[in-house]
Structure formats: C-alpha cells, structure tokens
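The values are calculated or read from the model by the stated rules, or taken from the named source; none is laboratory data. Worth saying up front: this structure is predicted, and the values here are computed from it rather than measured. Methodologically, a virtual Cβ is constructed for each residue, glycine included, from the backbone with ideal geometry; neighbour enumeration extends over all protein chains shown.
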Amino acid sequence: MRLYVLIVPALVAGAGAMWAAGSEAQVVRTERSVGSQSPSKPRESVRQKGRKEAPRSGRASGARKTAAAGAAAGAIAAARSNVISAKSTEDGAAEARLIEVYRLVGQGRGESALRKAEELVRDHPNFQLAQLVYGDLLSSRTRSLGRFGDVPDALAFRGATTLVDLREESQLRLRALRERPPIGSVPAQFLQLSARVKHAIAVDTSRSRLYLLENNSSGTRLIADYYISVGKLGIEKQVEGDQRTPLGVYFITSNLDPASLRDFYGSGALPINYPNPLDISRGKTGSGIWLHGSPPNQFARAPRASDGCVVLANPDLERLLRTVEIRTTPVVIAQSLRWVLPNVIQADRKPFEDQFEAWRRAKSSGDLTRTLAHYHANFSSNGRSLREWTPLLKQELSRAGGQSVNVKDLSIIRWTDHADVMVVTFGEVLSGARTGAVKRQYWIREGSNWKVFFEGVIG
C-alpha cells in the first residue's frame, strides 16, 4: 500500500525500532495506546500480525469511495459543525491511538490501520485529523494516494486552508514521537525547583508541544506531553491584540471555573501572569493569556489558531486542571527547549548561586550600601524606582536588627534571549523566626555580575 509518502518515511523505515526504544516517555505513550483499547477487543496475536490482509471485493469499491469522500469532507467541515465526542478519553489517549494508526500503516498493515482509524473517529468524531486519516485509508483501497489528505480536487480547493493546517498538525505530532527528550533530562530553564513546586510546565512552540513535569525528592522528571496550538500570528507577543503567544517564564495564577466560560474555552482555563516584570520592563502590553481547552466542535485547534493563548485538547487540559497547583506552578514558554541532564543544570546554576549567597550575606549584615550594591540602577518594585524603594529597604534592615536572613524553598528558573535573566522565588525568614515573606526577584546578568532589577512580595 503506497500511503502517506510524505509524512511517514521514518515510521516505514524504522517503526519497530522506534516503538521498542528504551525511552521512558516512548514506553508511556505505548502504554497509553494499549490502555485506550477496548477490553472486549483483544490485541492481535503474533500469527495474526504476520497474516497478509486480503483485499475487499470490487462490489464495495463504490461505497468505499463515497465513504472516503464523506470522511474527508467531515474533516474539513468539522470546525463548522457542533459535534461533541461521544466517548471520553484519558489525556493523550486519542493522539496515541492516531500514532498507532500511523505505525500500522508504516508496517504495511492497512486493514488493521483502517479498523483502528474507524474506531478512533467513531469515539471522537470531532478529531479532524483522525477523520482525514480515515478518509485516506478508505480511499487507498481503491486507488494509490500521492500525499497525506489526498482528497478530491473540488473538496481540496474548498478546504485548502484546513488541509494545510491538518498536514502541519500531523507532521508536528509525528515529530514529537521521533524527537523525544533524553531520559532523565529536563528543560535547561529549570535550574532549581523547591519542594513546594510539585509540577512544572514547559512549552516548545516550535514543536507545538507542552511538557508536564513532576518534581519531588527524587528530582524533576517528564510525566506527560501534549500537542498544543499557539497564536495565529506566532510567538513573541509585544502588544495587546497582536495574536501572538508570549515567550518567557510565567506562573499559573488561578483556575477558572468552566461554568463561567464560553464553550469556546472547552474544559476550563489556567491564566498565567503575563505580562511578568521582565515583560513590563520591556514595554510589552496585553493580558488574558491562558492555558485553555478546545471548543466542542474541535478536538484540537490548528498549530497557530489562538489569539495568543496556549490551547490543548480538552482531555489533556483536564489532566493539567487535576494536577497543577495555583501560584507555585511555573510555565516556561520558549521558541524551542534545550533538554539537559542534572550535571549540566548544576554547572549552570553554580555561578549565580554564589552571587545570590553574597546578596543574602549582605542583607544579613544590615549594611544598606553593601546590600544596594546587588541592585540594578533600573530596579523597580511594583512601580517604585530604586530611589523610591530604598527607604523601604532601609526600614526592613532596621527591623531585622542585624539578624541573619535565611532562605528556604528556593527556586531558580533561567530565561535567556537577548538578555540573561534569573527568576528567583524563595521564603525569606529571619534567624529565630518560623515564618517570613515569600519573595520573587528578577536578576539580570551584566558581564560576569548579576543584579536584581525587580523584587516583590508574593505571599
């Protein structure tokens, strides 16, 4: 079967090796795929897997052509329909089932792929990409296909934009399968996460992918990843209404009740703190950037379809809603992510740790001049300049009475673009005290030195 010539060469060439690789994340995805199968439909035996699939009779070809055109039309028109999935699913399960269809195609098992695709679109009739794949598989029984989404010319013309979007979505999903983060690695931005930070989120916009990480005493590890959509006009948000997704380090600020939202936002929404202090210092404007779900008529949005938000399939968003914590969960949105091992993290963190410790000792000394040496000339604190904020710092040092400043629950997240910035969150507790303020600082690197350009109390 000559099918999906443009999108599955890697799967055709090495499907078995790819799915049997020792990547933890790949194993998880395979398990998701198995778990999504109905218990009443057992997996094929080894003998069945090796059996050549018999062609259908010619009597059915006309019906198949009609069905194929109908499936393709359904994919293109699904965005305008009001179809709701008839069957709920776990996060990532629908995507894993789609990838399983691709895998079967790559193995030349067209009939098995067709059955799996039929089950998938039956369970999720609003999954446009799955509808298109199903239509291709039906068409392939009567003719050779030249490309993914090989629909009749008239239909292709009417749905040209949708076809382009679906082809890109398919390529991005497959890329996420092929290019897995190394086992044990984390995004380079997460230099240190305190025990209070149970989860973290990283978004790779170049891959249309959101990664969910768990943080505990054993370290930080990847536990799930999902396809996402970003702004219609791409990334690097600058101003209100530019339909771009911001890049930077953010934090989830609330969990909006879905009952208070339009159906457009799907299962709910998690707002983030855009614009953050770095954004504000750069003159960026706008608000209302959320992680949210998809409308009922779409299982997933096109790769670039939002007004700036990060949009997930509803089952995937529901996992986030059940998992992440308000105010403590960081969200890194990057053009691309660099995944590194713990030893690299430690090396990247050490130079900054030394300067942060020097700031702590200076503040513990109660010496105003020595402490101010660690602050940037363009420092601000909730609208106060360094000159306006200095009397407040002086009062704080006076109240401390020379008591040592202790830091607990330290988190350090790095952001690097044309500047090198550290976002530092910690509890500041005076020696002998049980509690203290929770603060967040933004540091910027100037040569080999780091300076605080923002400081505020967040709890």
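Scanning segment 158-176 for residues that are under 30 Å from PRO342 (Cα atoms) and crowded, with 20+ Cβ neighbours inside 10 Å turns up ARG173, ALA176.
Inside segment 391-430, can you point out the residues that are polar (S, T, N, Q) and either in a strand (DSSP E or B) or touching a strand residue (DSSP E or B) at 6+ places or on another chain (Cβ under 6 Å) (or both)?
Taking segment 391-430 as the starting set, the residues that turn out to be polar (S, T, N, Q) are 395, 398, 403-404, 406, 411, 416, 425.
Result: GLN403, ASN406, SER411, THR416, THR425.
Of the residues GLY266, GLY286, GLY293, GLY248, only one is within 18 Å of the chain's Cα centre (by Cα), farther than 24 Å from ASP165 by Cβ and either crowded, with 18+ Cβ neighbours inside 10 Å or of a type in the set (Val, Ile, Thr) (or both); which? That would be GLY248, the only listed residue that is within 18 Å of the chain's Cα centre (by Cα), farther than 24 Å from ASP165 by Cβ and either crowded, with 18+ Cβ neighbours inside 10 Å or of a type in the set (Val, Ile, Thr) (or both). Among the residues of segment 216-230, what is the count of those that are surrounded by 22 or more Cβ atoms within 10 Å (Cβ to Cβ) and either out of contact with any strand residue (DSSP E or B) (no Cβ under 6 Å at 6 or more places or on another chain) or over 24 Å from ALA94 (Cβ atoms) (or both)? Result for segment 216-230: 1. Residue check: is LYS408 under 19 Å from ARG282 (Cα atoms) and of a type outside the set (A, V, I, L, M)? It is false that LYS408 is under 19 Å from ARG282 (Cα atoms) and of a type outside the set (A, V, I, L, M). For segment 114-124, taking the residues that are of a type outside the set (D, E, K, R) and under 28 Å from the mean Cα position of the chain (by Cα), the one that is nearest to SER139 (Cα to Cα) is identified as ALA117. Selection of segment 431-459 for residues being in contact with a Ser or Thr (Cβ under 7 Å, 6 or more places away or on another chain) and at pLDDT below 95 yields only SER431.
Only one of the listed residues (ARG349, ARG361) is assigned by TED's automatic domain parsing to the domain that holds ILE412, touching a strand residue (DSSP E or B) at 6+ places or on another chain (Cβ under 8 Å), surrounded by fewer than 18 Cβ atoms within 10 Å (Cβ to Cβ) and not aliphatic (A, V, I, L, M). That residue is ARG349.
TRP443 falls short on exactly one of the conditions (1) assigned to a strand (DSSP E or B); (2) out of contact with any Phe, Trp or Tyr (no Cβ under 6 Å at 6 or more places or on another chain), and that condition is (2). For VAL239, the test of being of a type in the set (A, V, I, L, M, F, W, C), part of a helix (DSSP H, G or I) and surrounded by fewer than 16 Cβ atoms within 10 Å (Cβ to Cβ) is failed.
Here's the yes/no breakdown for (1) touching a strand residue (DSSP E or B) at 6+ places or on another chain (Cβ under 8 Å); (2) at pLDDT below 95:
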site	(1), (2)
GLY62	no, yes
LYS65	no, yes
GLY74	no, yes
SER81	no, yes
GLY92	yes, yes
LEU120	no, no
ASP136	no, yes
ARG158	no, yes
